[in-house]
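Bear in mind these aren't lab numbers, they're just calculated from the coordinates by the rules spelled out. Predicted model, so just to flag it, every value in this text is computed and none were measured. Quick reminder, even Gly has a Cβ in these numbers, built from the backbone with ideal geometry, and neighbours come from all protein chains shown.
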Amino acid sequence: MSAAENPLDITVFGHRGARGIFPENTMAGFRYLRDIGVSAVEIDVQNIAGRVPVVAHDPYVAPALTRDCKGAWIADERRLMLHMTAEELAQLDIGATRAGTAYAARFSDQARLSGQRIPTFATFCEWAATQPDLVLNVEIKSHALRPEINDPPDIIAVDVLDMLQAHGLTRRCIVSSFDWRVIHACAAYAPDVKRGYLTLMRSHGTSMEPNIIDGSAWMDGARRSDHNDSLPQTISDLGGQVWCPYFEDLTSQDLKQAQALGLHVNVWTVNKLDDIRRMAEMGVNGIISDYPARVQNILAERATT
C-alpha cells in the first residue's frame, strides 16, 4: 500500500499469514500477502524435536486443522510438537479445517487446500529473504507456567535468532513473545534485534490466559509498581521498542504515553470493521489482522475522507 493510500503510515500485518482467508501459518498464506501488497507478516515459531524451529502456533498438533498422510483427520489431541520429528511433521496436511469444529465455524471463509505442510522456520526464512521489503513479526511461543511444552527461553531464542541472522533478516524483524523471559533472552543474545512485548490484560471472555501479572514468570518478575504503575513505561524501561497489546486493552492515554516514550504500538488481532476503524482513528502504528485486506480497504477509505 502506497503512502498516498495510507496517510497515517499504519503497518498492516497479516496474522499467521492471513488466517481468515488461507490456512494459518502456511506458505500459501504468506504468498497471498505479497499478492495483495501487504508488507508485513506475523508468524509463530516454536521448536520441535532436535531443536528444529517450525512455524506453528499451538504446542499440540491441532485436530481441527490436521490430516495425516492418507487424508484422515488426526484424533490425538495430545501430540506435543516438541516431541515430534521433522519427518513426522512433514507427513501432516494443514490445508483445511475440519467441518463441525469451532475453528471451522470461526473461519468459515478460509480456503480449503491440500498438501499444505507445517513450514520449518528455515523454509520460511529462505522465502522471506527473497522479499526484501517484507517486515517480519516473529512471535516465539513459550508458556511461562508450563515449561514441559516448549524448549527453554534461552534455547528457543538462540535458535530463532541464529536462523534470522543466517538469512540476513534481523534488520527487518520484530521478535515478540507473551513470555518476557524469551524477550530478555533475545536481548542478551542479540541486543540489536527489535523486541516486541506482547500483552493481554484480561481474557475478554476468551480462553486466552492474561500475562500481565506483576511479578509473575510471564513478566520475568517485572512489576508495574516499579515503573510509575504504567505498562508502557515498564516496557520502555525494560528496553522494548514495540508494544503489542490486545486491541481491547488499549486506551488512548496509554497509546499516547507509549508513543511519547518512543514505542511503536502494534495491536492484535483486529478483524471487525468497526474495530479496525477505531484502531486507525486512535493512531496505532500497526494493525495485526486475520483479514489484512479489510485493513487495507479501511485505510484506503480513510485516505479519501
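Picking from residues in region 191-210 that are of a type in the set (K, R) and under 18 Å from the mean Cα position of the chain (by Cα), the one that is surrounded by the most Cβ atoms within 10 Å (Cβ to Cβ) is R195. Scanning region 124-145 for residues that are out of contact with any strand residue (DSSP E or B) (no Cβ under 8 Å at 6 or more places or on another chain) and touching a residue at least 60 places away in the same chain (Cβ under 8 Å) yields W127, Q131, D133, H143, A144, L145. Per the conditions (1) among the acidic types (D, E); (2) farther than 17 Å from I10 by Cα; (3) surrounded by fewer than 22 Cβ atoms within 10 Å (Cβ to Cβ), the sole criterion not satisfied by D179 is (3). Scanning region 211-251 for residues that are among the polar types (S, T, N, Q), more than 19 Å from H184 (Cβ to Cβ) and within 23 Å of the chain's Cα centre (by Cα) yields a count of 1.
Condition first: of a type in the set (A, V, I, L, M), surrounded by 21 or more Cβ atoms within 10 Å (Cβ to Cβ) and under 20 Å from H143 (Cβ atoms). Now tell me which residues in region 29-61 satisfy that.
I43, V45, I48, V54, V55, A56, V61
T97 falls short on exactly one of the conditions (1) over 30 Å from N285 (Cα atoms); (2) touching a residue at least 24 places away in the same chain (Cβ under 8 Å); (3) not in a loop (DSSP other than H, G, I, E, B), and that condition is (3).
Hey, among G20, G50, which residue is under 22 Å from D159 (Cβ atoms) and part of a loop (DSSP other than H, G, I, E, B)? Give the derivation first.
Values: G20 fails: under 22 Å from D159 (Cβ atoms).
On inspection, the qualifying residue turns out to be G50.
Can you find a residue that is out of contact with any strand residue (DSSP E or B) (no Cβ under 8 Å at 6 or more places or on another chain), farther than 27 Å from R19 by Cβ and not polar (S, T, N, Q) anywhere in region 237-252?
Start the filter on region 237-252 by keeping residues that are out of contact with any strand residue (DSSP E or B) (no Cβ under 8 Å at 6 or more places or on another chain), which leaves 237, 248, 251-252.
Then keep just the ones that are farther than 27 Å from R19 by Cβ; that gives 237, 252.
Restricting the remaining residues to those that are not polar (S, T, N, Q) gives 237.
There is at least one residue in region 237-252 that is out of contact with any strand residue (DSSP E or B) (no Cβ under 8 Å at 6 or more places or on another chain), farther than 27 Å from R19 by Cβ and not polar (S, T, N, Q).
Being under 16 Å from I288 (Cβ atoms) and touching a residue at least 12 places away in the same chain (Cβ under 8 Å) holds for only one residue in A40, A49, and it is A40.
Determine whether A111 is free of Cβ contacts under 8 Å to residues at least 60 places away in the same chain and either part of a strand (DSSP E or B) or surrounded by fewer than 19 Cβ atoms within 10 Å (Cβ to Cβ) (or both). Outline the logic, then answer.
Working: free of Cβ contacts under 8 Å to residues at least 60 places away in the same chain: no; either part of a strand (DSSP E or B) or surrounded by fewer than 19 Cβ atoms within 10 Å (Cβ to Cβ) (or both): yes.
It is false that A111 is free of Cβ contacts under 8 Å to residues at least 60 places away in the same chain and either part of a strand (DSSP E or B) or surrounded by fewer than 19 Cβ atoms within 10 Å (Cβ to Cβ) (or both).
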